[in-house]
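Reviewing the structure listed below.
None of the figures in this text is laboratory data; all of them are computed from the coordinates on show. Bear in mind the structure is a predicted one, so any value in this text is a computation, not a measurement. As a convention, Cβ positions derive from the backbone with ideal geometry for all residues, glycine included, and neighbour counts pool all protein chains shown.
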Amino acid sequence: MSNPSTHVHDAIVVGAGFGGMGAAIQLKRNGYDDLVILERESDLGGTWHVNRYPGLAVDIPSSTYSYSFEPNPHWTRLFAPGSELKAYAAHVADTYGLRELMRFDTVVESATWDDDAQVWQVDVADGEPFRARFLLTATGFLSQPRLPDIAGIESFTGAVVHTTRWNDEVELSGKRVGIIGTGATAVQLIPELADVAADLTVFQRTPIWVTAKPDLPVPALVRKVFSALPLTQRAVRLGGTALLEALMVSAVLHYDQVPLVNAAAERLARLHLRQVKDPDTRARLTPDYTFGCKRPTFSNTYYPTFNREHVHLETHSIGHVDAHGIVTADGSRTDLDVLVLATGFDLWEANFPALRIVGRGGRDLGQWWRERRFQAYEGVAVPGFPNLVSLNSPYSYSGLSYFTTIESQMRHMDRLLTELRRRRATSFEVSESANAEFLDDMTARVGHSIFTLGSCAGANSYYFNQHGEATLLRPTSTRHAFRAARTFPLSDYDFGGLPRTEQEATLQDAD
Ligand code: NAP
């Protein structure tokens, strides 16, 4: 086997979640087989490996939340539990020969473009560097857990568990449990905690809009039909996708034209809230921002949980934590045995990018984004970074199901890599002008969206970056995203580099 520090792979993919696996499948389709997938965790699946808390389930219908080219007829519910997503990830890895490409427990620290050799050097903690012609980062959006900076938290003598590091060994039964956060994760977890804890206190900073979840088991007969006649499941998928698309286009993108959709959704959520019997608790659970400014969620059990005697909603801000519990700003204290942190993820500071990426001429991606605004051409490419496909970039999240994003990006890769091969070039780099034009277009479109025109001030939503700009979601329909991926002007990229044979010679000299 060749020395890992000198061997030049076709591509390095960072991340063995659904995004990284989609990228690897596409690279193989384009004829690149010498791949390595680096993953900091000890197994594949990304989010669906890391998150194992009770109640974990997908909240996009499963027939839609999966690769269109690898339908799974075995989902047991309309909204599958997390364990089925994890099993599906393993199935995809085995079916597409990806598992053998994966190196687990490998933390990528930085990647640096070597302009002379026209390769990326990828440095990992505790190991030899890797080198490759292409670098694809698929590090996810919600992958850097946010540990709250609350005074005294380290002095707490009970157990502290973040939802991404769930520990079944921590005893909850009969215990006094506190949970910080009321995002989509907490909404799934709180009813489960209430079932076992002797006493549960929910520390809420910002309420979340919650509507009913039309969750149903998928009968065995339907699963058999899906298996025997895949077109039937495809039809269900199309229905789910169309509904999500209609919601996205009307409620998020064209809020200027159809704010009634958000108003109707808000009305449904308010009706759902009526399950909370105590008017004061109900009022405190009611958001004061427009439905859609922050990611809403679905649950049939969240609101009724607050009717239970041993469940308390605490909305005073947290002052500090001491050895025995939490003291809120009004001076009252809650003694706890276990503190659950459902505090989400640091998207903008820690995750854009999730590793140090240094491109041509020493351009540092994180620094460049912070100085020049968060931006990426078609959500995948950045000028100054040859042969980099940055899959979790600003404006890359397209549609409401992550698989829409993944598959439109796979199409973009296909067009780009096919052209690279046709020209017998070895490098691609998006032009500054194409990138600037794309950014202008996205900025103008955000102007029509809920993020500009809704009342989003109180939402504390991760859709907005630290400068208050909504630069996460691609503000176009998914049809637009797919069309752009199939038809973007090839002249938006500069193709170049050494002809393949010269490049190999240079590398051999360097070795
Ligand atoms: P999140 O939406 O970011 O929620 C984090 C919660 O913690 C918020 O309520 C936040 O309050 C609170 N918080 C953070 N730091 C705090 C502090 N220092 N003091 C008090 N409260 C604090 O994270 P999440 O619930 O993990 O969900 C993240 C995303 O994961 C979801 O939006 C969704 O996209 C995805 N998800 C999906 C599913 C699924 O079924 N597919 C399930 C779970 C999660 P503020 O709002 O005030 O910041």
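Quick notes on this one:
- Among the listed pairs Lys86/Lys277; Lys86/Lys213; Lys175/Lys294; Lys28/Lys213, those beyond 29 Å (Cα-Cα): Lys86/Lys277; Lys175/Lys294; Lys28/Lys213
- Computed over the alpha-carbon atoms, segment 411-493 gives an Rg to Rh ratio of 1.08, Rh here being the Kirkwood radius from the mean inverse distance.
- Taking each residue as 0.36 nm, the span from Asp149 to Arg421 lengthens on full extension beyond its C-alpha to C-alpha distance by 93.0 nm.
- Bridges between two residues of segment 1-150, per DSSP, are antiparallel at a rate of about 45%.
- Pairwise label distance in nanometres, Ser431 with Ala263, each label 7 Å out on the Cα-Cβ vector: 4.6 nm
- Glu100-Arg284 FRET efficiency (beta carbon distance; Förster radius 41 Å; 0.05 resolution): 0.20
- Each principal axis of the Cα cloud of segment 72-139 was evaluated for its coordinate range; sorted largest first, these ranges are 52, 22, 20 Å.
- What the phi angles of segment 281-295 give under the Karplus curve with 6.51, -1.76 and 1.60, with θ = phi - 60°, is a coupling list of 4, 4, 5, 6, 8, 8, x, 10, 10, 5, 4, x, 5, 10, 5 Hz, glycine and proline written as x.
- By definition, a body whose alpha carbon gyration tensor gives a ≥ b ≥ c is prolate when a/c is 1.5 or more and a/b is larger than b/c, and segment 300-427 fits this prolate description.
- Restricting the GluC sites (Glu not before Pro) of segment 168-199 to loop positions (DSSP other than H, G, I, E, B) with no more than 14 neighbouring Cβ atoms within 10 Å leaves Glu169, Glu171.
- Label-point separation, Gln275 to Lys224 (7 Å along Cα→Cβ), nm: 3.3 nm
- Extension gain (nm, one decimal) between Glu171 and Ala242, 0.36 nm per residue minus Cα-Cα: 21.2 nm
- Each of Lys175, Lys294, Lys224 was scored by other Cβ atoms within 10 Å of its Cβ. Arranged with the fewest first, they read Lys224, Lys175, Lys294.
- The Cα-based radius of gyration and maximum Cα-Cα distance (Dmax) for the chain are 23.7, 75 Å.
- Neighbour-count order for Val222, Val389, fewest beta carbons within 10 angstrom listed first: Val222, Val389
- Both radii come from the Cα set of segment 37-114: Rg as radius of gyration, Rh as Kirkwood radius; their ratio Rg/Rh reads 1.04.
- Modelled label reach - Val107, point 7 Å along Cα→Cβ, segment 337-351 residues with backbone N closer than 19 Å: 345-347, 349-351
- In segment 133-277, one over the average inverse separation of all distinct C-alpha pairs is 19.9 Å, which is the Kirkwood hydrodynamic radius.
- log10 of Debye I(q)/I(0), alpha-carbon scatterers only, for segment 69-223 at 0.09, 0.17, 0.21 Å⁻¹: -0.53, -1.21, -1.38
- Modelled spin-label separation between Thr301 and Gln367, with each label point placed 7 Å from Cα along the Cα-to-Cβ direction: 5.0 nm.
- Relative contact order (%) - criterion: Cα under 8 Å, at least six apart; region: the chain: 19 percent
- For segment 101-111, 3J(HN,Hα) computed residue by residue from phi via the Karplus equation (6.51, -1.76, 1.60; θ = phi - 60°) reads 8, 8, 10, 7, 6, 10, 8, 7, 9, 7, 9 Hz, glycine and proline entered as x.
- Beta-bridge orientation, the chain: approximately 40 percent antiparallel, per DSSP, counting only bridges with both partners inside.
- Residue-by-residue Karplus 3J(HN,Hα) for segment 170-178, coefficients 6.51, -1.76, 1.60, Hz, glycine and proline x: 6, 6, 10, 4, x, 9, 8, 10, x
- Proxy reagent accessibility, fewest Cβ within 10 Å first, across Glu437, Glu266, Glu154: Glu154, Glu437, Glu266
- Kirkwood-type radius of segment 371-511, with distances r between different C-alpha atoms, in Å: 16.4 Å
- Less than 5 angstrom separates the built amide H of Val124 from those of Glu109, Phe130, all sequence-distant by 5 or more or on a different chain.
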